[in-house]
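Here's the structure we're looking at; comments come further down.
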Amino acid sequence: MTLLMTILAAIVVLGPLVALHEWGHYIVARLCGVKVLTYSIGFGPKLISWTSRKTGINYALSALPLGGYVKMLDEREGEVAAHERHLAFNNQTPFKKIAVVAAGPLMNLLIAVLLFWVILLVPKTMLATKIGSIAPNTPASHAALAVGDEITAIDQTRVQNWQDINFALADRMGETGKIVLTVSNAQGTHDVAVPITRFLQAENNHDKQAAESPIDGFGAIPWQPKITPVIQAIMPDSAAARQGLQVGDTITAVNGQPIDDWLSFANIVRQNPETLLHITVMRDMQPVTLQIMPQGKKDVMGNRVGQIGAQAKTGNIQIPAEYQKTVRYTPVQAADKAVTQMADLSLMTLKFMGKMLTGQIGVENLSGPITIAKVAHQSFGINWQAVLSFMAVVSLSLAVLNLLPIPVLDGGHIVLYAYEAVFGKPMPERVQAIGMNIGLVLLGGFMILAIGNDISRLF
């Protein structure tokens, strides 16, 4: 059932984005006077198909939903009647060709902006960017930061929420140097330089694995509720059930380290997969020490984490007033921030790719369709804003990827037609063929690597 829901989530997220990408090509082709033969949502055998009597365009829904295509009249793909040659794509001006090809990625960028805009229009109460705790053995723990400091900017770029902070920190992945935080507290506003070394790379973490998020890796943690570490439920056939933990037990220490809240205990468990822990509990007013080994599980990004299968009672969590912040945007303000967010994330994606090519970050950070499907499934379990936010990020990634100047991608075709516009003739067919082969190898290699990373995260 989980597998089915994951597949459906991927289809719901990716299907519309790809369909609208192709619709961008379709609508601009028609506006430029190019005859469109087929507009298909999906690849492979056609499940539903009908042809417009007015335009002669065949509209289809095909079997493989994670894709689509637009087929245009083109003399390179078949014979074209003399009276229709002016409608063929290959006979259009270079600028019209560029417009048609660029329309798909630009549609994805527009979708990302619209989705961000919708999310930003909804007033929301969120956590203020005040530091709730500082994790040990992290960059933040070695800087002049304190609980209660409010982060207002990172590297001179203003941040308004923890998502902004997450994105700003992610932008520094793999780098060595300093992250400059602008913080505000009772003493005023000042800058704090936080040294980093190959930031967020696994070999630099005390637990030898990649951090779950840039914020976790940095160590300046948002406010978290203090939950009494009392066991409320135990999953059947879990480490907790097999090794003697009982409902009603109060966790008091792990390996001799005192525990006074559930999240601290949960973090220790997550950081110690397949490691024997000595857990002290109060049971019937008497201390009892248990030996429990958390089961090693892989999260969505392939990080191995510990789980024991126990839950605490959370109750109705109230955020303290000093850690609350209500954000409201007018439609114009939301539009401005949505465009800025799109531009910043696009630039970050390009920098991420560049860092992989230079070896600044490892290729293990590359994700493919399996990881996308798993994250899509997770987003549906949060709220509609999480779904739209993830769709926006995926749409933006599709746009940036397709605009890369690699043959077989839209960006590669734009390069070809730009050459034609500059030199007044198409690029030599031999050069095009070589470029196409190189592009296929590169794209195939990236796909194999991404899917390989996805599979490695499953085991």
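The figures follow:
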| quantity | calculated |
| --- | --- |
| Residues within region 76-100 that are under 40 Å from the mean Cα position of the chain (by Cα), outside any helix (DSSP H, G or I) and not hydroxyl-bearing (Ser, Thr, Tyr), tallied | 4 |
| Condition check for Lys297: among the basic types (Lys, Arg) and more than 18 Å from Val122 (Cβ to Cβ) | yes |
| Residues satisfying the stated conditions in region 220-236, i.e. outside any strand (DSSP E or B) and over 30 Å from Leu169 (Cα atoms) | Thr228, Pro229, Met235, Pro236 |
| Unmet requirement for Gly67, which otherwise passes all of (1) touching a residue at least 40 places away in the same chain (Cβ under 8 Å); (2) under 22 Å from Pro94 (Cβ atoms); (3) crowded, with 17+ Cβ neighbours inside 10 Å | (2) |
| Answer from Arg457, Arg430 - the residue that is of a type in the set (Lys, Arg), closer than 30 Å to Val305 by Cβ and out of contact with any Leu (no Cβ under 9 Å at 6 or more places or on another chain) | Arg457 |
| Tally, over region 12-53, of residues that are β-branched (Val, Ile, Thr) and loosely packed, with under 15 Cβ neighbours inside 10 Å | 2 |
| Tabulated pairs, region 359-382, first part of a helix (DSSP H, G or I), second of a type in the set (Phe, Trp, Tyr), C-beta under 7 angstrom, 6+ apart or interchain | Val375/Phe390; Ala376/Phe390; Ser379/Phe390 |
| Given (1) out of contact with any Gly (no Cβ under 8 Å at 6 or more places or on another chain); (2) at pLDDT 90 or above; (3) aliphatic (A, V, I, L, M), number of the condition Leu443 does not satisfy | (2) |
| Filter result (surrounded by fewer than 18 Cβ atoms within 10 Å (Cβ to Cβ), under 37 Å from the mean Cα position of the chain (by Cα) and either small (Gly, Ala, Ser) or under 16 Å from Gly309 (Cα atoms) (or both)) within region 251-269 | Ala253, Leu263, Asn267 |
| Odd one out for Asn272, checked against (1) at pLDDT 90 or above; (2) part of a loop (DSSP other than H, G, I, E, B); (3) of a type in the set (S, T, N, Q); (4) surrounded by fewer than 16 Cβ atoms within 10 Å (Cβ to Cβ) | (4) |
| Ala335 of a type in the set (Gly, Ala, Ser), surrounded by 14 or more Cβ atoms within 10 Å (Cβ to Cβ) and not assigned by TED's automatic domain parsing to the domain that holds Glu364 | no |
| Flag for Leu115 being of a type in the set (A, V, I, L, M, F, W, C), touching a helix residue (DSSP H, G or I) at 6+ places or on another chain (Cβ under 6 Å) and surrounded by 20 or more Cβ atoms within 10 Å (Cβ to Cβ) | yes |
| Residue within region 34-55 that is touching a residue at least 40 places away in the same chain (Cβ under 8 Å) and hydrophobic (A, V, I, L, M, F, W, C) present | yes |
| Residue satisfying all of: in region 178-215; among the acidic types (Asp, Glu) and under 26 Å from Glu150 (Cβ atoms); modelled with the lowest pLDDT among these | Glu212 |
| Selected residue (criterion: surrounded by the most Cβ atoms within 10 Å (Cβ to Cβ)) from residues of region 405-433 that are out of contact with any Pro (no Cβ under 9 Å at 6 or more places or on another chain) and assigned to a helix (DSSP H, G or I) | Val431 |
| Criterion (more than 22 Å from Asn267 (Cα to Cα), out of contact with any strand residue (DSSP E or B) (no Cβ under 6 Å at 6 or more places or on another chain) and among the hydroxyl-bearing types (Ser, Thr, Tyr)) met by exactly one of Thr157, Thr138 | Thr157 |
| Residue within region 310-319 that is β-branched (Val, Ile, Thr), in contact (Cβ under 8 Å) with a residue 24 or more places away in the chain, out of contact with any Pro (no Cβ under 9 Å at 6 or more places or on another chain) and not assigned by TED's automatic domain parsing to the domain that holds Asn365 present | no |
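The values are calculated or read from the model by the stated rules, or taken from the named source; none is laboratory data. Remember, predicted model here, so these are calculated numbers, not experimental data. All Cβ positions, even for glycine, are placed from backbone atoms using ideal geometry, and neighbour counts span all protein chains on display.
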